[in-house]
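To keep things clear, I will list the structure first and then write my remarks on it.
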Amino acid sequence: MIESRPNTPGVKSKLQQLGLDPANIIHWTENGIEHYYPHEILHRKFGEFTELSIVGDDVAANGIVIRKKELAEYIVDNLNGSEPLHDELRSKLFDRLDRLLQ
């Protein structure tokens, strides 16, 4: 289970009541998966930037605004497998999955 911040009050306890082990709940430090997309692909779309703005279904940087769904499609269409992963995405999700699959 992946939970973005801000955390909704009571979600963690509700998940535990449903039987989910708290060790299997991943909390991102940023709110929105878009912050974890490969930066080199984001920079191709928005140009160089230091911070994404996410409001509702819109993602913006450098005056360019795109819907979340369209950005997700752009990211997927431009992935080639050689992009460096965001450190938090790698350590909190992919490294865990690697350990589970060994």
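The values are calculated or read from the model by the stated rules, or taken from the named source; none is laboratory data. What you see is a predicted model; the values in this text were computed from it and never measured. As a convention, Cβ positions derive from the backbone with ideal geometry for all residues, glycine included, and neighbour counts pool all protein chains shown.
Observations on the model:
Yes/no matrix, rows are residues, columns are (1) free of Cβ contacts under 8 Å to residues at least 12 places away in the same chain; (2) within 17 Å of I26 (Cα to Cα); (3) in a helix (DSSP H, G or I):
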| site | (1), (2), (3) |
| --- | --- |
| K45 | no, no, yes |
| T50 | yes, no, no |
| E70 | yes, no, yes |
| D77 | yes, no, yes |
| N80 | yes, no, no |
| L93 | no, yes, yes |
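- In the condition set (1) closer than 17 Å to F94 by Cα; (2) out of contact with any helix residue (DSSP H, G or I) (no Cβ under 8 Å at 6 or more places or on another chain); (3) of a type in the set (D, E), E51 is compliant with all but (1).
- Residue match in segment 83-101 (condition: among the hydroxyl-bearing types (S, T, Y), farther than 21 Å from I2 by Cβ and not assigned by TED's automatic domain parsing to the domain that holds I2): no
- Of the numbered criteria (1) exposed (fewer than 14 other Cβ atoms within 10 Å of the Cβ); (2) out of contact with any Ser or Thr (no Cβ under 6 Å at 6 or more places or on another chain), the one Y37 fails is (1).
- The combined condition, being surrounded by 13 or more Cβ atoms within 10 Å (Cβ to Cβ), assigned to a loop (DSSP other than H, G, I, E, B) and not hydroxyl-bearing (S, T, Y), is fulfilled by L85.
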